[in-house]
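First comes the structure, then the notes that go with it.
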Amino acid sequence: MITDLNIVGGGILGLAAAIQAKQHGLTVQLFEKDPIAMGATRRNFGILGSATLSHPEDCWNSYAQQSISFYRNIQKQMQISFQGRTGLYLATNTLQAQVLNEFAQAAADYAIQAEYLNKSQVLQRYAYLNADSGLHSGLVLTGEYSVEPDQIALQLTQYAKQIGVEIYPNACVVKTSAAQGMTYLELATGECFSAQKLLICNGASTEILYPQFLQHLGVQRCHLNMAITQPFRGQLDTTIYSGLSIARYPGFAICPSYSALLAMPQDELVTHYGIHVLLKQNHLGQIIVGDSHEYTALSEPTLFEQHEQINQFIQQYCQRQLGFDLPPLLKRWQGQYLSHPEQPAFFAEVEPNIYIANAIAGKGMTTGPGWIKQQLNQHIF
């Protein structure tokens, strides 16, 4: 029997593609170079925040809604850590507050559930925040969701197996080719597999298999400083976004004051490293903390270095501006993903019936299943 689709990469894109292709009736094999995905799918917040990700009428908002449906439907069948989680933006100056207030007023026009809170209302609802800080006001977003980044890949892998996807862990693909209407891949072990079509969803594998293609596109590598704390004494019950985050999320473009906020001068460190503070409590009570954005060419060596000044800035910002005292840090790591300088993601046919899906940047968990479903409909099914 000829396999319909081989997939390289067991992260969120590869797993979502495999599951949805199998549900469509295709025979699917998936190859993951590690025992379980350890790249961007593991090293992230697990935030599924659709309200501010993009303009409410943009296609990426639609992909986010489709992705939420993807997770929800699987959650009904087995535990994949998908759950509701409100979002809380905290303004620390009057212009940030004005944007949040404008968003709350416009939200109903886009079927977004949002509530603006003044400082006293924020402190009353979220008692763990300190009044003696730069906190100005807040915006509460309901209808948001989350998953656990240390669990989701394993759980989706188990689900994929249950519905009949053949999973090959510890399977490093070192060569791919196309000939006579078929596609072929070779593992480091020397084993070879064929299929009618081949989809590569792993950034590291793409760099090995098609480096010149990525360089021609101008794809960059984004480095993120992230950390996790010891367990927090209480329950956050929300994902916390700082006022710095407002400028990074295009969904706020519906606000008249958004352009003025983008033009407002920032700390040089914030501007240079793209810092915006996010806090999310995981299932162990620990706080995932981040992040920053440093872009380098693929040709530059990857040193996996962290900048201590970024870590210190984030910790001080949490305490002095947000009024949140972080527990002691437990671990630090550098997240990485590929990013296109102009496109929000790319999908391309590099050889006959061999496709690359990549550079979805930091929105893969939120939009990946919906986005890859569209690519499957257009190119694979």
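The modelled label-to-label distance for the pair M78/R125, using points 7 Å beyond Cα in the direction of Cβ, is 3.7 nm. Packing around the peptides 323-333, 154-164, 98-108, taken as the average count of other Cβ atoms within 10 Å per residue, puts them in this order, highest first: 98-108, 154-164, 323-333.
Do you know the relative contact order of the chain, to the nearest whole percent, from alpha carbon pairs under 8 angstrom that are 6+ apart?
Numbers: 805 pairs, mean separation 100.8, N = 381.
Once normalised by length, the contact order is 26 percent.
Counting only DSSP beta bridges with both residues in the chain, the antiparallel share comes to about 75 percent. Ranked from largest, the principal axis spans of the Cα set of the chain equal 68, 43, 39 Å. Magnitude of the charge dipole for region 89-162, about its Cα centre and with charges confined to Cβ atoms of Lys, Arg (+1) and Asp, Glu (-1), is about 80 debye. Computed from phi, the 3J(HN,Hα) profile of region 238-251 under the Karplus parametrisation 6.51, -1.76, 1.60 (θ = phi - 60°) reads 6, 9, 9, 10, 7, x, 5, 6, 4, 5, 8, 10, x, x Hz, with x in place of Gly and Pro.
Between the Cα long axis of helix 94-106 and the first principal axis of the chain there is an angle of about 60°, rounded to the nearest 10. Rolling a 1.4 angstrom probe over the protein heavy atoms with all chains in place gives region 51-145 an accessible area of 44 Å² per residue.
Volume of the convex hull of region 1-88 (Cα atoms only), normalised per residue: 130 Å³. Each residue, Q266 and A111, gets one label point 7 Å from its Cα in the Cβ direction; the gap between the two is 3.2 nm.
Against the longest alpha carbon principal axis of the chain, how many degrees, from 0 to 90 and to the nearest 10, is the axis of helix 12-23 turned? For 12-23 against the chain, the angle is about 60 degrees.
What ranking do 89-97, 366-374 get when scored by the average of other Cβ atoms within 10 Å per residue, highest first? Let's see the in-between values first.
Details: 89-97: 21.9, 366-374: 25.3.
By packing density, highest mean first, the sequence is 366-374, 89-97.
Using the reciprocal of the averaged 1/r over all distinct C-alpha pairs, how large is the Kirkwood radius of region 233-365 in Å?
Working: mean 1/r = 0.0577 Å⁻¹.
After inverting the pairwise mean of 1/r, the radius is 17.3 Å.
Comparing G11, M78, P341 along the charge dipole axis of the chain, the residue lying farthest to the positive side is M78, per the Cβ-charge model. Compute a Gaussian network model of the chain, connecting alpha carbons closer than 10 Å, and tell me which residue from E32, E349, E144 fluctuates the most. Among E32, E349, E144, the largest mean-square fluctuation in the Gaussian network model of the chain belongs to E349.
Of G243, G364, G274, the residue with the greatest mean-square motion in the GNM of the chain, using alpha carbon springs below 10 Å, is G274. What is the distance in Å between the Cα centroid of region 158-224 and that of region 79-108? Using only Cα atoms, the two centres lie 38 Å from each other. Accessible surface for region 232-381, divided over its residues, is 43 Å² per residue with a 1.4 Å probe. Highest GNM mean-square fluctuation among P35, P301, P352, for the chain modelled with Cα contacts below 10 Å: P301. Using θ = phi - 60° in the Karplus curve 6.51 cos²θ - 1.76 cosθ + 1.60, the 3J(HN,Hα) couplings for region 186-196 round to 10, 8, 4, 6, x, 5, 10, 9, 10, 6, 5 Hz; x is entered for Gly and Pro.
Given a 1.4 angstrom probe, I'd like the percentage of the accessible area of the chain that is carbon and sulfur, rounded to a whole number. Kindly include the intermediate steps, with their values, before the conclusion.
Details: 7550 of 16060 Å².
Of all accessible area on the chain, carbon and sulfur atoms account for 47 percent.
Its Cα centre serving as origin, the chain has a Cβ charge dipole (Lys and Arg +1, Asp and Glu -1) of approximately 740 debye. A Förster radius of 22 Å, combined with the Cβ-Cβ distance separating N170 from F304, puts the computed FRET efficiency at roughly 0.50. Taking each residue as 0.36 nm, the span from A179 to Q212 lengthens on full extension beyond its C-alpha to C-alpha distance by 9.8 nm. Dividing the helix sum by the residues of the chain, where each DSSP H run of 4 or more adds -39500 (n - 2.57), gives a mean residue ellipticity at 222 nm of -8500 deg cm²/dmol.
The values are calculated or read from the model by the stated rules, or taken from the named source; none is laboratory data. The shown structure was predicted, so the numbers you read here are calculated from the model rather than taken from an experiment. With ideal geometry, Cβ positions are generated from the backbone for all residues, glycine too; neighbour counts draw on all protein chains shown. Ligands, DNA and RNA are excluded from the accessible area calculation, which covers all protein heavy atoms including side chains. Shrake-Rupley method; radii C 1.70, N 1.55, O 1.52, S 1.80 Å.
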